[in-house]
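The values are calculated or read from the model by the stated rules, or taken from the named source; none is laboratory data. This one's a predicted model, so the numbers in the text were calculated from it and none came from an experiment. So basically every Cβ, Gly included, is an ideal-geometry build from the backbone, and we count neighbours across all protein chains shown. Only protein heavy atoms, including side chains, enter the accessible area calculation; ligands, DNA and RNA are left aside. Shrake-Rupley method; radii C 1.70, N 1.55, O 1.52, S 1.80 Å.
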Amino acid sequence: MNQVGIYIIPFVIVLIVLYGAFKKVDLFAAFTDGAKEGIHALISIAPSLIGLVTAVTMLEASGFFDILTNCCRPVCAVLGIPPEVLPLGLMRPVTGSGSFAMLNAILEKFGADSLIGKTASVMAGSTETTFYAVTVYFGSVGLKNTRCTLPAALTADMLGIVFAAWCVRCFP
Amino acid sequence: MLSYLWFGMIAASFFCALCTGHMEQLSKAALDGADRAIQLLLSMAGVMCLWTGLMKIADKGGLTSSAAKLFSPVLAKLMPDYDKDSPAMRAVSANITANLLGLGNAATPFGLAAMREMQKTNSLRTSPNNSMVMFVIINTASVQLIPTTIAALRQAASSIQPYSILPHIWITSVLTLAAGILLAGLFMIKR
């Protein structure tokens with residue numbers, strides 16, 4: 001599986017540049033355009049990231065995560081999830097910046113290439129900020145009743161945690 | 001919502017530190033945290049912008065619109081209230097393709113347009129029809145070709161193989177998406 005990861009990046013880059021050249025795109029102008037959008041996206045998340053990284057760092061130092069992790073150990077053992085990733089799972093559907101802050105804390109503490117670090121990365125990368133999407137999309141057309149959207153999406157998010165843990169253990 | 005969460009996190013850390021005697025570490029963490037956020041942003045910036053730049057090339061070359069055509073038959077099956085060639089479904093496919101390519105900034109306007117178009121012919125008026133629920137469910141799952149932010153975060157944490165988790169993310173996100181669609185389908189049949 002790791003081999004796929006090594007080849008995919010150069011392959012995708014070359015493919016995109018070739019495709020752009022073939023379609024006669026002004027390559028460098030398009031690239032800098034997109035990179036500028038990236039900078040804007042980063043600047044726009046900076047304020048909330050500062051607030052949330054501070055809160056996550058404080059929670060970590062206070063020993064809160066250790067207590068939470070130890071409390072949930074038995075349940076996690078049954079499901080095959082490393083309990084250390086649980087705080088991230090709880091944060092993911094609520095806030096994007098908060099879960100990036102949380103993922104960063106986990107990667108720094110346990111190492112990005114450890115089982116815990118990999119599981120956390122897969123969890124954070126395989127689902128969206130559910131509450132945000134539901135609020136923005138239904139809110140934009142003035143719908144308050146969202147029927148079964150939240151229960152279905154949140155159950156899927158919970159299942160996603162289990163899938164992520166299984167996937168990382170099956171293909172280390 | 002975020003105000004409550006933020007307040008809860010800070011209050012919990014204070015009481016937790018009070019009980020476990022970690023007050024000194026907490027005081028240091030509060031000041032370190034803000035610093036850490038900016039360092040994190042800086043260390044992510046390069047990789048993030050590399051990918052948004054590359055994806056822009058793909059987008060300008062017309063990859064988004066040709067991929068959107070590829071998906072429209074599948075999406076039409078999931079959202080049967082709308083015709084395959086209706087403006088609503090065109091916006092839906094554009095939104096989902098942009099998300100797949102990680103063009104978040106481009107995806108949201110398409111998504112909002114899709115909701116607006118779908119609401120026009122929504123017979124339920126005050127609540128979403130099945131197709132609208134399906135569309136939002138797909139948007140709460142994140143199937144992405146290159147999960148740029150995660151890769152950038154892993155690189156920032158000095159991972160030896162920041163991209164080694166790509167296949168895992170693809171598998172997991174597709175499974176989660178399938179679970180979301182199935183669950184929403186089940187809930188909708190029940191009512």
For this session: For the A and B pair, go ahead and give the buried accessible area with a 1.4 Å probe, both sides summed, in Å² to 100.
Result: 8000 Å²
Exercise. Using the scaling law 2.2 N^0.38 Å as the reference, what is the normalised Cα Rg of the stretch A:8-66?
Worked result: 1.86
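For a test of the definition: using alpha carbon positions, the gyration tensor, and the 1.5 limit on a/c, classify the stretch A:1-109 as rounded, prolate or oblate.
Oblate, because a/c is 1.5 or more while a/b does not exceed b/c.
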Seminar exercise, completed: With Cα coordinates, the longest principal axis of chain B makes an angle with the long axis of helix B:166-190, in degrees rounded to 10, of 60 degrees
Seminar exercise, completed: Measuring from the longest principal axis of the C-alpha atoms of chain A, the long axis of helix A:2-22 (C-alpha) lies at a number of degrees, nearest 10, equal to 30 degrees
Problem set entry | Förster-model FRET efficiency, 25 Å R0, B:ALA178 and A:ARG169, C-beta, rounded to 0.05 | 0.80
Exercise. Can you list residues whose amide H is under 5 Å from A:THR127's amide H, if they're 5+ apart or on another chain and H is modeled 1.01 Å from N?
Worked result: B:SER142
Exercise. Within chain A, what's the longest stretch lacking trypsin sites (Lys or Arg not before Pro) that sit in DSSP loops with no more than 11 other Cβ atoms inside 10 Å?
Worked result: A:25-143
Exercise. To the nearest 0.05, what FRET efficiency results for B:ASN105 and A:LEU79 with a Förster distance of 41 Å applied to their C-beta separation?
Worked result: 0.70
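Sequence gap at least 6, Cα distance under 8 Å: using those rules, report the relative contact order of chain B to the nearest whole percent. Please report the intermediate quantities before stating the final value.
On the way: 156 pairs, mean separation 36.6, N = 191.
Result for chain B is 19 percent.
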Exercise. Tell me, what is the 1.4 Å probe accessible area of A:THR32, in Å² to the nearest 10?
Worked result: 60 Å²
Exercise. Taking only DSSP H segments of four or more residues, each worth -39500 (n - 2.57), what value at 222 nm results for chain B once the sum is divided by all its residues, to the nearest 500 deg cm²/dmol?
Worked result: -26500 deg cm²/dmol
Seminar exercise, completed: Scoring only Lys, Arg, Asp and Glu (+1, +1, -1, -1) among other residues with Cβ under 15 Å from the Cβ of B:ALA29 yields -3
Problem set entry | the stretch B:133-191, relative contact order [Cα under 8 Å, separation at least 6], % | 53 percent
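Quick check: at a probe of 1.4 Å, how many percent of the accessible area of chain B sits on carbon and sulfur atoms?
After summing per-atom areas, the C and S share lands at 68 percent.
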For this session: Add +1 for every Lys or Arg and -1 for every Asp or Glu among the other residues with Cβ under 13 Å from the Cβ of A:TYR132, and state the total.
Result: -1
Exercise. How many percent of the accessible area of the stretch A:47-170 is carbon or sulfur, using a 1.4 Å probe?
Worked result: 69 percent
Exercise. Using a basic spin-label model with each label point 7 Å from the Cα along Cα→Cβ, how many nm lie between B:LEU78 and A:ILE6?
Worked result: 3.5 nm
For this session: Along Cα→Cβ, 7 Å out, is where each label goes; now give me the distance between the ones at A:ASP26 and A:SER44 in nm to one decimal.
Result: 2.4 nm
Exercise. Dividing the Cα radius of gyration by the Kirkwood radius, what Rg/Rh value follows for the stretch A:47-170?
Worked result: 1.00
For this session: Would you mind getting the accessible area per residue of chain B, heavy atoms of the protein chains only, 1.4 Å probe, in Å²?
Result: 47 Å²
Problem set entry | Solvent accessible area, Å² - A:PHE171, 1.4 Å probe, full protein context | 80 Å²
Seminar exercise, completed: Computed over chain A, protein heavy atoms only, probe 1.4 angstrom, the accessible area per residue in square angstrom equals 44 Å²
Seminar exercise, completed: Relative contact order of chain A (C-alpha contacts under 8 Å, at least 6 apart) in percent is 20 percent
Exercise. With r defined as the distance between the Cβ atoms of B:LEU70 and B:ILE10 and R0 fixed at 56 Å, what FRET efficiency is calculated, to the nearest 0.05?
Worked result: 0.75
